[in-house]
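Participant: Structure in structure tokens, see below.
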Amino acid sequence: MDNGSVNQTETLVDNLRSQVDVLLAVISRPVVQQQILAFLFILLVAWILPEALRRWRQQQMALREVAETESKSRRQRWFSALYHLLTPILALVFLNITLWLFARQGYPRGLLQDLTRLIWFWLIYRALLSLLYARYGDAIRPYQNRLVTPLFLFFVILQIFATLPGSVTLVETIINLGSISFSLGNLVNAVIVLYLFVVAAWILKQLMVRSLPTYLQAEPGVIESVATLTRYALLVLGILISLGMLGLDFTSLAIIAGGLSVGIGIGLQDIVSNFVSGLVLLFEQSLRPGDVVELDGRISQVEKISLRATTVRTRTNEEVIIPNANFTTHQVKNLTKTDRLVQVIVPLGVSYKSEPELVRRLAVETSLQHPLVLDDPPPLLLFLGYGESSLDFNLLVSVIQPEMTLLIRSDLYYLLWKVFAEHDIEIPFPQRDLNLGDGWEKLASDLPAT
């Protein structure tokens, strides 16, 4: 590490240490401690009162029955919205009363006034969430986690930094990375802009997937492909803008791109191959979410196709993440690409004493007893040949639930065993002829006398 980097690191650490010292010095003042204790007490009371109201209402609801379920759910929804708004409203009321009392007594109240803005942010945040949940229900939860709550936290942190003394010096600290210099504030702004692009790309993809099928006569997979590429394009744009905010020019980007091309040629071939294979799968539509596939002898259902890997769920409820290149370079059985109708093959064998025509009639009639077996096309029993110990057959039945072929085959084996036992049709075991050469007499003469 060169001297410039060392000095820069020391400057950043010194500024952080100075900021902590200033904060501790401010907190150590009695007037500040008085305001902090008053604020914490207000928050405690503002939380206890709504919580007591909620528990009291739960007891009242347990003591009496509500006649109409719809009315009950509506009342619960409104009470939930009121409960979430009551705490910040009470905190604002108590804060204003405390400010009035401090003013009457001549106490300092600058910190309480600054904290009042935080409570207003909290109230606006709770009110916005209440309106969104009342309108859209639980469907709004991903937007809360990705957009509303992070924006609220950003404004809170911004307000805290604006209140703390000496924070301007910390934000203006210069960081050097090679030939690139930027301030800590610019780094924070670049991260925020990048995050906003990530959220905007996610929201735009959701809107395109939901809205475009109404206006375009295209398959859902094609729309999913376009939405996915649009999302990645926005992500790339956000990365470029964020790097530009840090002072990285296009010449540096060209150097980075050249280095990446060398890296791709050396060690990132698999990633590029999976990326290209993902584009092929998305646009070719040879594989779509919801398809039932058989890969490596295992039947699974496709859940998600991304640009790097495809997620499938097995019959044992395991999620398997498979690189996209496996689907473009290996043979994969898609059981539902154009039709969900598949044939289940049930191998079976009976003894040579059995009548083949009777076996065929019983097998066909028994298979039709299964609720998932179709009668059109009808079941078929194929006579494969004369085995070493049995007459070998293949029972072919048609179903439209390819993901349940293993279960259907098992059910048919149970049914066939019961029917064959009722009609004295044996399921043979392997038989072998033993050749003793000179006969039993030679073998008996060689045995020792007892």
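Coordinate-derived values only; no laboratory data. Values in this document were obtained by computation on a predicted structure and should not be read as measured data. No Cβ is skipped: glycine too gets one built from the backbone with ideal geometry, and neighbour counts run over all protein chains shown.
Participant: Can you list the residues, at least 5 places off or on another chain, whose amide H is less than 5 Å from the amide H of K333, using H built in the peptide plane?
Facilitator: The answer is E294.
Participant: Another one. Based on the Cβ-Cβ distance from L384 to I321, what FRET efficiency comes out when R0 is 35 Å, to the nearest 0.05?
Facilitator: 0.35
Participant: How would you rank S389, S398, S242, going from fewest to most other Cβ atoms within 10 Å of each one's own Cβ? Can you show the working numbers first?
Facilitator: Numbers: S389 14, S398 18, S242 21.
With the fewest neighbours first, S389, S398, S242 line up as S389, S398, S242.
Participant: Can you tell which of V359, I400, L380 lies farthest toward the positive end of the dipole of segment 342-422, using +1 and -1 charges on the Cβ of basic and acidic side chains (Lys, Arg; Asp, Glu)?
Facilitator: Among V359, I400, L380, the one farthest towards the positive end of the dipole of segment 342-422 is V359.
Participant: Shifting gears a bit: Sorted by mean Cβ packing within 10 Å, highest first, what order do the peptides 122-130, 359-367 take? Can you show the working numbers first?
Facilitator: Working: 122-130: 17.1, 359-367: 18.9.
Answer by packing, highest mean first, reads 359-367, 122-130.
Participant: Please turn the phi angles of segment 199-211 into ³J(HN,Hα) values with the Karplus equation 6.51 cos²θ - 1.76 cosθ + 1.60 (θ = phi - 60°), one per residue in order, whole Hz, x for glycine and proline.
Facilitator: 5, 4, 5, 5, 5, 4, 5, 4, 5, 5, 5, 7, 9
Participant: Could you please rank V344, V31, placing first whichever residue has the fewest other Cβ atoms within 10 Å of its Cβ? Kindly include the intermediate steps, with their values, before the conclusion.
Facilitator: Details: V344 23, V31 14.
Fewest to most other Cβ atoms nearby, the residues stand as V31, V344.
Participant: Around W417, under 14 Å between beta carbons, what's the net of Lys plus Arg minus Asp minus Glu among the other residues?
Facilitator: Values: positive: R409, K418; negative: D411, E422, D424, E426.
Here the charged neighbours net out to -2.
Participant: Once the convex hull of the alpha carbons of segment 342-422 is built, what does its volume come to per residue, in cubic angstrom?
Facilitator: Values: hull volume 7.0 nm³, N = 81.
In segment 342-422, the Cα convex hull volume per residue is 87 Å³.
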